[in-house]
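The structure under discussion appears below in the form of structure tokens.
The values are calculated or read from the model by the stated rules, or taken from the named source; none is laboratory data. Not measured: the values here are computed from a predicted model. FYI the Cβ positions are ideal-geometry reconstructions off the backbone, even for glycines, and counts take in every protein chain you see.
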Amino acid sequence: MKDFTIVRKGFDTTEVDTYIVDLENELQKKDQLIEEYRNRENAINKAVIEAQLTADSIIAKAREDAAHLRSDVVAEMDSLRSEALKLRSNLVEFQESYNRLLRRYLYNSHCEDMNQIFDRLEQVLSESGVDLESLSPLPEVQGEPNEAQKTHIVNDLSQTTRVGTETDAHFNLDEISNALIDSKI
């Protein structure tokens, strides 16, 4: 606090008035600073609130986008699953048709080829002077297989020509022919 000069009737009024003006000026400056700090505080609070609202909006949008993306992925997976099942069904149908066609071809070619081979062999032997009666008879080429033979052949072919196993699928016609021959077709 300021020391005032003592005059006869009290303190010097000019000094006191000057000091009061100085105090008022300083108080006004402090009030201005306080007002500036309050304005800054309000601006900061407003910025924090706006940032929070923006963050909430971004999070809500991200959650909405994630939900849409998730539903799109689930729909795509369902579509792919359905397509894979359809492809599998088509592949199984193709394999079954292929096996039937292969069985028909091998049966027909086996019977026809074997009859032709036996006929030609007997002709060559006969022409070369071999007495065919002295030879043991040739095995008989069987006609269409019975149901038990068909089941055995189908099982052998299915194991030989299976598609979709862990190993590479391949078709060995020699093995199929041997299976047919072993089943006496």
- For the subset of the stretch 101-145 comprising residues that are in a helix (DSSP H, G or I) and of a type in the set (S, T, N, Q), which member is modelled with the lowest pLDDT? SER109
- Message: I need a count of the residues in the stretch 9-59 that are small (Gly, Ala, Ser) and exposed (fewer than 10 other Cβ atoms within 10 Å of the Cβ).
- Response: 1
- Item | Test: ILE6 is exposed (fewer than 10 other Cβ atoms within 10 Å of the Cβ) and at negative phi | yes
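Residues in the stretch 6-16: is at least one part of a helix (DSSP H, G or I) and of a type in the set (Lys, Arg)?
Going residue by residue through the stretch 6-16, those that are part of a helix (DSSP H, G or I) are 13-16.
Those left that are additionally of a type in the set (Lys, Arg): none.
No - not one qualifying residue is present in the stretch 6-16.
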- Could you tell me whether LEU91 is free of Cβ contacts under 8 Å to residues at least 40 places away in the same chain, assigned to a helix (DSSP H, G or I) and surrounded by 10 or more Cβ atoms within 10 Å (Cβ to Cβ)? no
